[in-house]
Amino acid sequence: IVKTVFYPKYTTANHYSKCRVSGGGFGGLFSVTFHDMRASKAFFDALPCSKGPSLGTNFTLACPYTILAHYLELDWVAGYGVEAGLVRVSVGMEEREELLRGFEKALKAAREVS
């Protein structure tokens, strides 16, 4: 159901390591795309967290990043490979098991519509 997960450890580790603070991790921000827009919407809607852009909160936030940032230029960003259904997640300080249950619920909802 998931098409791509964008996370520096897996997608740009060589570039990221040049900027990373010595001994630092890769952070709690990632983006995900799906094979169809219905799955993206279902995942976003079912993810039990606050919705909005991340501005440094300590709780998990999710947003339909491309829609928020480029709503009037979706064709233009698509030309650069940025999908309209991209969901950006900033992971907060909730308990690990709580987060995993929430992502399982959201992925289940995405699978059900595809």
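The residue that is modelled with the highest pLDDT, among those in the stretch 13-27 that are surrounded by 14 or more Cβ atoms within 10 Å (Cβ to Cβ) and in a loop (DSSP other than H, G, I, E, B), is Phe26. Of the set (1) at pLDDT 95 or above; (2) of a type outside the set (Asp, Glu); (3) outside any strand (DSSP E or B), all apply to Arg88 but (3).
Only one of Val77, Val32 is in contact with a His (Cβ under 7 Å, 6 or more places away or on another chain), open to solvent by less than 40 Å² (accessible area, probe 1.4 Å) and not aromatic (Phe, Trp, Tyr); which? Full working, then the answer.
Working: Val32 fails: in contact with a His (Cβ under 7 Å, 6 or more places away or on another chain).
So the residue among Val77, Val32 that is in contact with a His (Cβ under 7 Å, 6 or more places away or on another chain), open to solvent by less than 40 Å² (accessible area, probe 1.4 Å) and not aromatic (Phe, Trp, Tyr) is Val77.
The condition of being modelled with pLDDT of 95 or more and either in contact with a Ser or Thr (Cβ under 6 Å, 6 or more places away or on another chain) or in a loop (DSSP other than H, G, I, E, B) (or both) holds for only one of Glu83, Glu112, Glu97, that being Glu83. With respect to the conditions (1) open to solvent by less than 80 Å² (accessible area, probe 1.4 Å); (2) in contact (Cβ under 8 Å) with a residue 40 or more places away in the chain; (3) of a type outside the set (Val, Ile, Thr), Lys41 lacks only one, and its number is (1). Close contacts from the stretch 1-12, counting a first residue that is more than 9 Å from Phe30 (Cβ to Cβ) and a second that is charged (D, E, K, R), with Cβ to Cβ under 7 Å and a gap of 6+ residues or different chains, come to Ile1/Arg111.
Please go through the stretch 80-102 and give me each residue that is open to solvent by 60 Å² or more (accessible area, probe 1.4 Å), over 13 Å from the mean Cα position of the chain (by Cα) and under 22 Å from Arg38 (Cα atoms), ordered by number. Working first, answer last.
Going through the stretch 80-102, the residues open to solvent by 60 Å² or more (accessible area, probe 1.4 Å) turn out to be 80, 88, 93, 95-98, 100-101.
With over 13 Å from the mean Cα position of the chain (by Cα) added as a condition, the list becomes 80, 93, 95-98, 100-101.
Matches in the stretch 80-102: Tyr80, Leu100, Arg101.
The values are calculated or read from the model by the stated rules, or taken from the named source; none is laboratory data. Predicted model only: the values in this text are computed from it and were never measured. Quick reminder, even Gly has a Cβ in these numbers, built from the backbone with ideal geometry, and neighbours come from all protein chains shown. We work out accessible area using only protein heavy atoms, side chains counted, and drop any ligands, DNA or RNA first. Shrake-Rupley method; radii C 1.70, N 1.55, O 1.52, S 1.80 Å.
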